[in-house]
Amino acid sequence: MKTTITLVVSTFISFSSLAQSELKNTIGLSGGFTLFGTGDIKGYNFTPKYERQLTKRIAFQSQLSFANAQRYNSVNDLALVTNPYTISYLQSSSKKLNTGLLVGIYKRKSHFWGISASAGIVISSQFRYGGYMINPDKNPPVGLEYIPNPPYFQRYLSLGFGAGIEYRYTISKHFKLGLEAAYQEYHLDTEARINFGVYYSL
């Protein structure tokens, strides 16, 4: 009986130690600043993330990102003496589901640096209202040298590819703080983001 109890206790301790030493799964939540296109459309993003450690240096990574940005041009930005249509509004947004790998390139004590590469599905949209274009008539009436752009909305479903560099700082056995700079390219647009995040390993 004593032998059985000893065996059960030893097995429990062994599994407990193993579970505590191998924290292979990480969930994270990050958010920050987003730039669309050439960087003239500025906004924000929100990115939940899941990671599964495959080897000591390589982790599988999956993330779902939501980004939204706007640009507003006022009369002062585009003012032309004979053009009344100088106010415009442009909005870009995206929803991305990416999977890829995070590869550790430096790890020392509480500090970790890694690079990531991923691919996935992107739903992107753009809405524009206002702005102007030159009247296509060769001899337009006075005051109609410029005419307003018609509003438009477009949406695309496409494949996207991304890359980034990540930094993690360990504050306890389970919790980490992170900083990420990433870039993504997809149909007719690009995104760059800088995120701050919190990560929990289990």
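The values are calculated or read from the model by the stated rules, or taken from the named source; none is laboratory data. Remember, predicted model here, so these are calculated numbers, not experimental data. In this analysis, Cβ positions are derived from the backbone assuming ideal geometry, glycine residues included, and neighbour counts consider all displayed protein chains.
Considered as a group, the residues in the stretch 36-50 that are of a type outside the set (Phe, Trp, Tyr) and closer than 17 Å to LYS95 by Cβ include one that is surrounded by the fewest Cβ atoms within 10 Å (Cβ to Cβ), and that residue is PRO48. One residue stands out among those in the stretch 144-158 that are polar (S, T, N, Q) and either in contact with an Asp or Glu (Cβ under 6 Å, 6 or more places away or on another chain) or modelled with pLDDT of 90 or more (or both): the one that is surrounded by the most Cβ atoms within 10 Å (Cβ to Cβ), which is SER158.
Reported count of residues in the stretch 4-49, each being assigned to a helix (DSSP H, G or I) and modelled with pLDDT of 55 or more, is 1.
The stretch 144-202 holds strands (runs of 3 or more DSSP E) entirely within its bounds, and those carrying 1 or more residues that are polar (S, T, N, Q) map to 152-170, 175-186, 189-201.
Can we say LYS96 is surrounded by 12 or more Cβ atoms within 10 Å (Cβ to Cβ), among the basic types (Lys, Arg) and in contact with a strand residue (DSSP E or B) (Cβ under 7 Å, 6 or more places away or on another chain)? Yes; evaluated as a whole, the condition is true for this residue. Of the residues SER88, SER74, which is at pLDDT below 85 and in contact with a helix residue (DSSP H, G or I) (Cβ under 9 Å, 6 or more places away or on another chain)? That would be SER88, the only listed residue that is at pLDDT below 85 and in contact with a helix residue (DSSP H, G or I) (Cβ under 9 Å, 6 or more places away or on another chain).
Of note, ALA163 does not satisfy the criterion of being under 20 Å from PRO48 (Cα atoms), surrounded by 15 or more Cβ atoms within 10 Å (Cβ to Cβ) and touching a residue at least 12 places away in the same chain (Cβ under 8 Å). Candidates in the stretch 107-143 are the residues that are surrounded by 13 or more Cβ atoms within 10 Å (Cβ to Cβ) and assigned to a loop (DSSP other than H, G, I, E, B); of these, the one that is modelled with the lowest pLDDT is GLY131.
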